[in-house]
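**Student:** Next up is a structure, given as structure tokens.
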Amino acid sequence: MLVAKNKVMSAPAIETENLTKEYPHGFLNLKKRTSLEGLNMQVETGEVFGFIGPNGAGKSTTIKLLMRLIFPTAGSARILGKPISDIEMHRDIGYLPEQPYFYDYLTAAELLDYFARIHDLSAADRKERVQRMLKKVGLETAGKIQLRKYSKGMLQRVGMAQAILHDPKIVILDEPMSGLDPVGRREVRDIILELKHEGKTVMFSTHILSDAEMLCDRVGVIVGGKLRGVGAPEQLVDVKTQGMEILFELAGQSVAPVLAKATRSGDRYRLQVPEAELYGAIEQLRAAGARILSVAPVRATLEELFMNLVEADRAQAAAIEVSGK
Amino acid sequence: MKRVGVVALNTFREAVRDRVLYNLLFFALVMMAASIIAGQISIGIEQTVIVTLGLSAISLIGLLIAVFIGVGLVSKEMDKRTLYALLAKPVRRWEFLLGKFGGLVLTLAVNTAAMGIGLFLALMYVKSTPEQGDATILVAVYFIWLKLALVVALALLFSCFTTPLLAILFTAGIYIVGLYVQELRNLPMQVMSPGMTAFTKYLSYLMPNFENFNIMSMAAHARPVPGSLIAQNTLYAAVYCSIVLTAAVLVFSRRNLK
Ligand SMILES: Nc1ncnc2c1ncn2[C@@H]1O[C@H](COP(=O)(O)OP(=O)(O)O)[C@@H](O)[C@H]1O
Ligand SMILES: [Mg+2]
């Protein structure tokens, strides 16, 4: 009995098994395009999980499958240890759709009240929560305006509010920062961190890597419908091999050999060298009379990893196309 | 089940805010014109003119709302993606569908009832000596509403698996065939091949029979409606709507949103 209970408690917050989605396309829908291929992924309870990939990678497809807005060609998924078909389990999920759009004849307050009714909250509870959520997403003064007058960024905020309105255990956000200005992005980041502190599980998709690096305990990289790697952001990228970057100023000409490798803009130069050659380069610069502005390790960014994966995917797709003909 | 009501009330609110009920003003104009015309022609046929014009207007306005809004109930939400956030909540797809249906049928009830009462009052105003059979127009209005509910169910079903334009065409097509079901059954079967005969017969029973819902001439002549017809039409509409809605739910529950 106790064992069984423990097992349920340790189940991942979100778990997919061989989740696959094919869309028919082409003449008479005879061809198939695989948008998601055998996804096996786990999001642990209490973590912030970033789902990153370029446009068309399959992020929204995965999320829509989890929300049962579309149905898988193969595979299955569980949330909180329950099959996603369990409708009661959906009480514990908050979902922000990609580029959300809501009934434009309602005001933000009315929309949130409508969703609160769907969640069967009491009248007093609804009123209090709606106001609290509007405040949280910075719409307290716009709550009585019809949504047809809302900008894209404001709709995104309403979307965020309805996702967390009912105090869900798991929050799944599809591109929560898109369409927001820097202030709005910052606010969304704060909300995500707040959710994390409250012990919620957050999974969000993005193609903006700095957002993921800043917020996530772990990320999953998806390209071309396939999961290419999962891990902590700093685990996924290798810090050591990247060398050092020297920024310096140098007026006039010099014949120091290292200058050939530097990139110049005005009197300023940027030079990247392997760590072993750092002191040699600095000696040369001293001899040439350069003024060193900074020396910093070059950290491989998620972006580079990402670009490499995308390149590899393109090359592979091209190869398949060639061999197919 | 409670969620069906929440969705239905929101659908009603949408119709009101989209000014669907403004058509009542148009209907008021029609009724005023009808009264003026009736006043100018000879005595004795005011009742026929007013009742025929009034009921036709109620039916036509209702049909336009039922078909056009009915087809848009779900397809517009899929198109604008307004149902994404909703369907991720603890809402079953059949609850959503039934709520949308209920909301529009409620809208039509309010709309049709308002027009029906208006028509009744206009009739009372024009007639010098009211009779008991005048209440028949209220029954006629009720039958129109039953018919409209059926049309909404059909529009909803078609919109679940085809484009809005085709759904409008299909619904209108079925409505027109449904008006002539009796004629279809009375076709001279001898001149057709046995296969055609069987096909026409089955088709005539598969199609909704809208003819039974039309009691315009009874209303025009203030003849009382037998209670059995009221019961029969109510039951027919309820059963037919249930079957069509079940089919719609089966289609929609498997449907991938965009
Ligand atoms: N309804 C659909 N019909 C056909 N193809 C689709 C459909 N939805 C998505 N796709 C395809 O699936 C792939 C993944 O899309 P998506 O999951 O939206 O990517 P993203 O990672 O940008 O969210 C894309 O190639 C897209 O064209
Ligand atoms: Mg997407």
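The values are calculated or read from the model by the stated rules, or taken from the named source; none is laboratory data. Being a predicted model, the structure only gives us computed values, none of them experimental. Positions of Cβ are backbone-derived with ideal geometry, glycine not excepted, and every protein chain shown enters the neighbour counts. When the accessible area is computed, the model is the full protein with side chains, heavy atoms only, and any ligands, DNA or RNA have been set aside. Shrake-Rupley method; radii C 1.70, N 1.55, O 1.52, S 1.80 Å.
**Student:** Once every DSSP H run of n ≥ 4 in the protein assembly as shown is given -39500 (n - 2.57) and the sum is divided by its residues, what mean residue ellipticity at 222 nm do you get, rounded to the nearest 500 deg cm²/dmol? Intermediate results must be reported in sequence, preceding the final value.
**Tutor:** Values: 21 runs with 315 residues, N = 583.
The per-residue figure over the protein assembly as shown is -17500 deg cm²/dmol.
**Student:** Under a plain spin-label model, where a point goes 7 Å from the Cα along Cα-to-Cβ, how far apart in nm are A:Ser151 and A:Asn18?
**Tutor:** Each label point lies 7 Å from its Cα, and together they span 4.8 nm.
**Student:** Next question. Only bridges with both residues in the protein assembly as shown count here: give the DSSP antiparallel percent, nearest 5.
**Tutor:** Working: 37 of 55 bridges.
Taking every DSSP beta bridge with both residues in the protein assembly as shown, the antiparallel ones total about 65 percent.
**Student:** Provide a list, ordered by number, of residues in region B:72-87 showing at least 50 Å² less accessible area with every protein chain present than when their chain is taken on its own, using a 1.4 Å probe.
**Tutor:** Checking the loss per residue gives B:Lys80, B:Arg81, B:Thr82, B:Tyr84, B:Ala85, B:Leu86.
**Student:** Right, next: Between B:Leu229 and B:Ile45, what FRET efficiency comes out of the Förster formula 1/(1 + (r/R0)^6) with R0 = 30 Å and r the beta carbon distance, rounded to 0.05?
**Tutor:** Working: r = 25 Å, r/R0 = 0.83.
After rounding to 0.05, the efficiency reads 0.75.
**Student:** Can you work out the accessible area per residue across region A:12-79, with the rest of the protein chains kept in place, probe 1.4 Å, in square angstrom?
**Tutor:** Numbers: 2910 Å² over 68 residues.
I get 43 Å² per residue for region A:12-79.
**Student:** Hey, another quick one. Per the Kirkwood treatment, what hydrodynamic radius in Å, one decimal, follows for chain A from the mean inverse distance over all distinct Cα pairs? Can you show the working numbers first?
**Tutor:** On the way: mean 1/r = 0.0438 Å⁻¹.
Kirkwood radius, chain A: 22.8 Å.
**Student:** With labels modelled as points extended 7 Å from the Cα through the Cβ direction, what inter-label distance (nm, one decimal) is found for B:Ala238 paired with A:Ala287?
**Tutor:** Label-label distance for B:Ala238 and A:Ala287, simple model: 10.1 nm.
**Student:** With every protein chain left in place, what is the accessible area per residue of region B:133-230 in square angstrom, probe 1.4 Å? Each step should come with its number before you reach the end.
**Tutor:** On the way: 4710 Å² over 98 residues.
Ligands and nucleic acids excluded, the figure is 48 Å² per residue.
**Student:** Anything in chain A that counts as a DSSP H helix reaching 24 Å or more along its axis (C-alpha) with Kyte-Doolittle mean of at least 1.6? List them, would you? Could you put the intermediate results ahead of the total?
**Tutor:** Numbers: long enough: A:302-324 (33 Å, 0.34).
The qualifying helices: there are none.
**Student:** Sticking with this one: Carbon and sulfur atoms: what percent of the 1.4 Å accessible area of the protein assembly as shown do they account for? Mind dumping the intermediate values first?
**Tutor:** Numbers: 17510 of 28590 Å².
In the protein assembly as shown, the share of accessible area belonging to carbon and sulfur is 61 percent.
**Student:** Another one. How big is the B-A contact in terms of buried accessible area, both chains counted, 1.4 Å probe, rounded to the nearest 100 Å²?
**Tutor:** Numbers: alone 13600 and 17840 Å², together 28590 Å².
Accessible area lost upon association: around 2900 Å².
**Student:** Find out how many positive minus negative residues lie around B:Ser253, taking Lys and Arg as positive, Asp and Glu as negative, among other residues whose Cβ is under 9 Å from that of B:Ser253. Mind dumping the intermediate values first?
**Tutor:** Details: positive: B:Arg92, B:Arg93, B:Arg254, B:Arg255; negative: none.
Residues close to B:Ser253 contribute a combined charge of +4.
**Student:** Label chain B by shape, choosing from rounded, prolate and oblate, from the square roots a ≥ b ≥ c of the eigenvalues of the Cα gyration tensor; if a/c is under 1.5 it is rounded, and otherwise prolate applies when a/b is larger than b/c, oblate when it is not. Each step should come with its number before you reach the end.
**Tutor:** On the way: a/c = 2.25, a/b = 1.32, b/c = 1.71.
Oblate, because a/c is 1.5 or more while a/b does not exceed b/c.
**Student:** Please check: in the Gaussian network model of chain B (C-alpha springs, under 10 Å), which one of B:Ala140, B:Ala248, B:Ala231 has the largest mean-square fluctuation.
**Tutor:** Evaluated over chain B, the most mobile residue of the options is B:Ala231.
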